[in-house]
1. Report, in degrees rounded to the nearest 10, the 0 to 90 angle that the Cα long axis of helix 114-127 makes with the longest principal axis of the chain.
2. Quickly estimate the mean residue ellipticity at 222 nm for the chain, helices only: each DSSP H run with n ≥ 4 gives -39500 (n - 2.57), and the total goes over all residues, rounded to 500.
3. Please quote Rg/Rh for segment 236-293 to two decimal places, taking the Kirkwood radius as Rh and restricting both calculations to Cα atoms.
4. With both bridge residues required to lie in the chain, what share of the DSSP beta bridges run antiparallel, to the nearest 5%?
5. Rounded to the nearest Å, what's the spacing between the alpha carbon centres of segment 274-343 and segment 208-225? Just the number, please.
6. Which order do the peptides 212-224, 38-50, 194-206 take when ranked by the mean count of other beta-carbon atoms within 10 Å per residue, highest first?
7. Once the Cα atoms of helix 85-94 and of the chain are each reduced to a long axis, what angle between those two axes, in degrees from 0 to 90 to the nearest 10, is obtained?
8. Excluding residues fewer than 8 places away in the same chain, name every one of the lysines whose C-alpha is closer than 27 Å to that of K372.
Amino acid sequence: MMEDNYIKKVLVIGGGAGGSMAAITASQCGADVTIIEKNNRIGRKIMITGKGRCNLTNNCTIQTFIDSVPTNARFLYSAINRFTPQDTMNFFENNGMPVKTERGNRVFPQSDKSVDVVDTLRKVIKNQKISIVQDNCISLIIENGIVKGVECESGKKYFADSVILACGGKSYSSTGSNGYGYVIARQAGHNIITPKPSLVPLVSSNDFCKELQGLSLKNIAIKVIENLSKKVIYDDFGELLFTHFGMSGPTILSASAHMKKMTTDKYSVIIDMKPALSEEQLDNRLQRDFSENINKDFANSLSSLLPRKLIPVIIRLSDIDGETKCNAITKQQRRNFVKLIKGLEVKISGFRPIEEAIVTSGGVCVDEINPKTMQSKLVKNLYFAGEMIDVDAYTGGFNLQIAFSTGYLAGENSV
């Protein structure tokens, strides 16, 4: 039996968003906390999120949040209610980092600098007198079904009353989340749902994507079609980017989370480049443009309608000779052209590698974790936080909030 004044020791493996929040919370609950982090500083992955701006949460209701989690949303009810998006915003603002809410309720540092998020976490960790050890955890020390500590690559053993695994997934392995946390979890008997990329760029078999490399389309609408059933499985509005391999950008990354059991040409993305206009309105617009350019070649009449880089591709796909005079274009050709602008089809042949994904889908099976505490159901005093758990969400700050919420719950219950 422990004395009343006994200070519990907690080890947190991984200094990302989930690990940092777990460490801070455990420390604020009175524990003596040590973070073991393989990198020379915490928060490497946080630094590159949101294109270096760090979309740290989403300023939405609990129900909207849950609706934005396609994988094991129910598992997160306790965590997200215990530490809400508002709690995350308050945490950073109370520690000297103002935040702002943008389109889609996305929350960013007011400075637009992800380094401020990392620096705020570091400041609180320092103020809480949390130790940070640079080492690489390679195994758990377990006795009689109870975790007692960890062994590291350096040969050192660290002992504690509780261990929180917050090692990340497999995405962005250059930041340190190389999937080794799954190996450690397996040592404790946990099943790992096979990691797959989520929120990942898409590869296309269409040659024109490479031709359009670097072109960003804003204020477009997309639909993801399952080609066999012709069913629309996702739609969105916003921005996309053509790349040498296919497409990326916010709408595409979100769309990827809905593409299950990916196979070549199973899905197509349909792009509406003029979603504000109906087909009839766009047809009227074209008629006006053609009237103003009546003696011009078709190829030279589209500069006010489409980005310059897109024009040669669209002309080729339209089967209208670019040298055709505007006054010679038939009504049917014009209507077909309208349908092309409102419905450019890009065939999807696969995902980019998991290393390029923003988050990992898969990880430690949620059936083996107590959702109210984040404690392992298999090994006592072992907890999990963040991306290594089999939960993932859409873009918009949801995944970082999952890390903060599960980290908070794990930290609070580890003491």
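1. Once rounded, one gets 10 degrees.
2. Helix contribution divided over all residues of the chain: -8500 deg cm²/dmol.
3. Working: Rg = 15.8 Å, Rh = 14.0 Å.
That ratio equals 1.13.
4. 75
5. When both Cα centres are located, 18 Å separates them.
6. Numbers: 212-224: 16.5, 38-50: 18.6, 194-206: 21.2.
Packing order, densest peptide first, comes out as 194-206, 38-50, 212-224.
7. Taking Cα atoms only, the helix is inclined about 70 degrees.
8. K8, K9, K45, K148, K170, K196, K380
Every read-out reported here was derived from the displayed coordinates using simple, explicitly stated rules and does not represent laboratory data. From a predicted model like this one, the values you see are computed outputs, not experimental measurements. All Cβ positions, even for glycine, are placed from backbone atoms using ideal geometry, and neighbour counts span all protein chains on display.
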